[in-house]
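S.K.: Got a structure here, written out as structure tokens. Questions coming.
The values are calculated or read from the model by the stated rules, or taken from the named source; none is laboratory data. These numbers come from a predicted model, not from an experiment. Cβ coordinates were reconstructed from backbone atoms using ideal geometry, including for glycine residues, and neighbour counts include every protein chain displayed.
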Amino acid sequence: MNDLDKFYADSFKGLKAGQITKGTVMLVNKDGVIVDVGSKSEGFIPIGELVEDEQVSPGDEIEVFVERLSDANGFVKLSRQKAEGVKTWDMIEEFFNKSQSVDGKITGKVKGGMTVNIGGINAFLPGSQIDLKAPKNTDSLIGQTYTFRILNLTHKGSNVIVSRRVLLEEERGKLREKTLLGLNEGAILEGVVKNLTDYGVFIDLGGIDGLLHISDMSWGRISHPGELFSIGDKVEVIVLTYNSETQKVTLGYKQKKPDPWTTVEEKYPLGKKVEGKVINTTDYGLFIELEEGVEGLIHVTEIDWVEKSIKPSKYFSIGDRVEAAILKLSKDDKKISLSIKQLKPNPWETIKDKYTVGQRISGIVKSFADFGAFVSLDEGVDALLHISDISWVKRVRHPSDILKKGQEIEVVVLNIEPEKERISVGLKDLTPDPWIDEIPGKYSLGDTVEGKIISIADFGLFVELENGVEGLLHISEIEKKPDEKLDELFKVGDDMTARIINVNPEERKIDLSLRTMIG
């Protein structure tokens, strides 16, 4: 041993570059930390070689890495970062060899994956190893600490590859084995809603997924699974079927409760007054939910005694509460007929007692149809004034030619049918029938009469005589050339003189002629 070797051996007492040793902090300043490592020369840790965010004070015992035995100032050059790095790397190697898990913090994103800090050593987390299913957004993972499995090491200090997915798969496998032990038909299990579709939801039962079809969610009516469930919801379900070969599981939710239709006959006897919620409106009626899974229909004809052409959506909205009476019930068909009007007095019972055939009554013209007018009576009941009952003598083409909406008129009751909810009235019956006494005595065969053309048809002219009496001037009783048309020879409103060639009270007809001779 030469003198220099002897000097180093005496001064550093067994310290070697590249080793980890313990020391005691002597002094801390802005440039670094002076450490007593048991040699004649103190050790120095530059400020940049401290562990991030580490706080040390004089008297603390710490582990350091010996980088060099003597620097330009005579200090042993030390590093805290490398000491921790060597320890961490040894730990990583040990965990890798034993297939043990290690905690790490995700620090950022790189091409193909993310970086993970494990005790100061950066590891690579491939995108395919982040989760069981590749996450759409990885930004939220940065800064989070997870447990990883080390997949591969190359050489010290670089290329550490880790996986989180492997651990999740192992955990899912253990859960799957446990779940399969209790996966029997009829078993009640708790799961987590994993995915929603239009036809149902997939539920993670613990390592194995089951399908809860929309038809098995509620005894009531739902249009989409999202009305009841959201992704991430914890839900208790019952196993309906399980195929051990395909490992397909179908689940039920509504089956946890009994079918409400089993007790409807006892709960809803005929005539009972009930309250429910409008869940749908159609042109033919309202669907009412009486309880979950039990619905009834109020047909449009059962809404009001008087109004027969009600548009339900005009008067009711989804969510409205309504009262009704039970009309019919079929447990087997799962159908209930309801009525709103049955809870109100029947105005037709009043009509039957109040009016008699031949009685004169007053009403308001409410609406028109091609076949007549509807006249509203005091009770809110509409009477029909048929177009044939408006006038004895006039040919009425449309009731609006004679009447106006809102007009108050006097009419005569012609017929009452309470059981059919019908009452008919006449306007012409206010006066005697002129075809019985007046017209036969006033108009005779061969009489010359004056009148006014009120309409022109292909077969002839209609001529109004006195007091609205009409006569027909047939085309055969008009002298004209073959190629001449009636509307070219005559105009509505023209006055004319004609001769009566026929009076028929039974058929209520007067025939006229323009010919000079009666055949």
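S.K.: When residues of region 249-283 are filtered for being among the small types (Gly, Ala, Ser) and assigned by TED's automatic domain parsing to the domain that holds Gly293, how many remain?
M.R.: 2
S.K.: Test of understanding: among Glu266, Glu379, which residue is surrounded by 14 or more Cβ atoms within 10 Å (Cβ to Cβ) and either in contact with a His (Cβ under 7 Å, 6 or more places away or on another chain) or acidic (Asp, Glu) (or both)?
M.R.: Only one candidate qualifies: Glu379.
S.K.: A follow-up question, please. Can you tell me which of (1) in contact (Cβ under 8 Å) with a residue 24 or more places away in the chain; (2) more than 26 Å from the chain's Cα centre (by Cα); (3) assigned to a loop (DSSP other than H, G, I, E, B); (4) assigned by TED's automatic domain parsing to the domain that holds Met217 is the one Thr246 doesn't meet?
M.R.: Every condition holds for Thr246 apart from (1).
S.K.: Please work out which residue is farthest from Tyr443 (Cα to Cα), limiting yourself to region 468-503 and to residues that are out of contact with any Phe, Trp or Tyr (no Cβ under 9 Å at 6 or more places or on another chain) and assigned to a strand (DSSP E or B).
M.R.: Only one residue tops the list, namely Asp495.
S.K.: Ok, one more. For region 442-460, state whether one or more residues are in contact with a His (Cβ under 9 Å, 6 or more places away or on another chain), closer than 30 Å to Leu384 by Cα and assigned to a strand (DSSP E or B).
M.R.: Of all residues in region 442-460, those in contact with a His (Cβ under 9 Å, 6 or more places away or on another chain) come to 459-460.
Then keep just the ones that are closer than 30 Å to Leu384 by Cα; that gives none.
No, the conditions are met nowhere in region 442-460.
S.K.: Same structure, new question: Given the conditions (1) surrounded by 13 or more Cβ atoms within 10 Å (Cβ to Cβ); (2) in a loop (DSSP other than H, G, I, E, B), which single one is not true for Ile203?
M.R.: (2)
S.K.: Take the residues in region 467-493 that are in contact (Cβ under 8 Å) with a residue 24 or more places away in the chain, charged (D, E, K, R) and more than 16 Å from Ser513 (Cα to Cα); name whichever of them is surrounded by the most Cβ atoms within 10 Å (Cβ to Cβ).
M.R.: The residue in question is Asp487.
S.K.: So, one more: Are there any strands (runs of 3 or more DSSP E) wholly within region 368-420 with 1 or more residues that are in the same structural domain as Lys354 (by TED's automatic domain parsing) and of a type in the set (Asp, Glu), and if so which?
M.R.: On the way: elements: 372-376, 382-386, 408-417.
Filter on region 368-420 gives 382-386, 408-417.
S.K.: Shifting gears a bit: Got a sec? Which of Glu185, Glu170 is acidic (Asp, Glu), at pLDDT below 90, surrounded by fewer than 17 Cβ atoms within 10 Å (Cβ to Cβ) and assigned to a loop (DSSP other than H, G, I, E, B)? Before the answer, list the steps.
M.R.: Values: Glu170 fails: assigned to a loop (DSSP other than H, G, I, E, B).
That would be Glu185, the only listed residue that is acidic (Asp, Glu), at pLDDT below 90, surrounded by fewer than 17 Cβ atoms within 10 Å (Cβ to Cβ) and assigned to a loop (DSSP other than H, G, I, E, B).
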